[in-house]
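First up is the structure itself, then whatever we jot down about it.
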Amino acid sequence: MAEAAAWTAVFRQRVVSVHEHVRDARDRLVALDASFLQPLPGTGAQAKLAAFPARLDLLMGSLRAATPILNSALVYIEAAEILALHGGSANPWTPLPSVLNFTPRDAAVQLALARYQTARVWVLGALTMVECSRGHLATAIALFAANPAIPYRMPFVMKEYGTAHFALRDAVNMVEDALFEVTLSRQRITP
């Protein structure tokens, strides 16, 4: 019984860590989403056009930084799952085959893990959408830098910029859904 209490205490700590990591990922993506919408500095079309490459580079760097944050949240979710499957087993060296094999006394852990499986899917989707956003933003950067003398390039650049922003909005929505699942898990597990 002492072993059961020990792994459950560690699992509770992991639940708190998962919640913090997913919340951090959400907060960073929301801030990045807001930076897509900020007006360019300067007055006049030429000043704004001159500031645009710096904005593109800043956004690309922020998107690159978002990937490890989402990966970290994913790793914490998976670590909590592994811990619970090993801890809930009669023999900690042999994990339970699935979430469905928990005993009734571990029903809260079972429900938390079911929500974590959903949260993992949302975080993986958010990772995909961040990569999609990076791809569209890289295309916008390449089109913008291709040849400044081409007058018709800006509609294509702005289309890619907008598509990158829409992909990021999808990532934000997915991480918010993951945070919802993780928050419900935390409420069931932690006092």
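The values are calculated or read from the model by the stated rules, or taken from the named source; none is laboratory data. Note that the structure is predicted; figures quoted are calculated from it, not measured. For neighbour counting, all protein chains shown are included, and Cβ atoms are generated from backbone atoms with ideal geometry for every residue, glycine included. Remember, those area values only see protein heavy atoms, side chains included, never the ligands or the DNA or RNA. Shrake-Rupley method; radii C 1.70, N 1.55, O 1.52, S 1.80 Å.
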*Using only Cα atoms, tell me the angle between helix 2-37 and the longest principal axis of the chain; keep it within 0 to 90° and round to the nearest 10.*
10 degrees
*Taking a 1.4 Å probe, which of Tyr116, Tyr161, Tyr152 shows the most accessible area, and what order do the others take after it?*
Tyr152, Tyr161, Tyr116
*Cα-centred dipole magnitude for the chain, charges only on beta-carbon of K, R (+1) and D, E (-1), debye, nearest 20*: 300 debye
*Over the chain, consider all pairs of different Cα atoms and compute the Kirkwood hydrodynamic radius from their mean reciprocal separation; express it in Å, one decimal.*
18.5 Å
_Protein-only accessible surface order, largest first, of Val75, Val130 at 1.4 Å_ = Val75, Val130
*Using the alpha-carbon atoms, what tilt in degrees (0 to 90, nearest 10) does helix 45-87 show relative to the longest principal axis of the chain?*
10 degrees
_Give me Rg/Rg_expected for segment 81-191, where Rg uses Cα atoms only and Rg_expected = 2.2 N^0.38 Å with N residues._
1.65
*Among Pro39, Gln110, Ala79, which residue has its Cα positioned farthest towards the positive end of the charge dipole of segment 23-162, with +1 placed on the Cβ of Lys and Arg, -1 on the Cβ of Asp and Glu, and the dipole taken about the Cα centre?*
Pro39
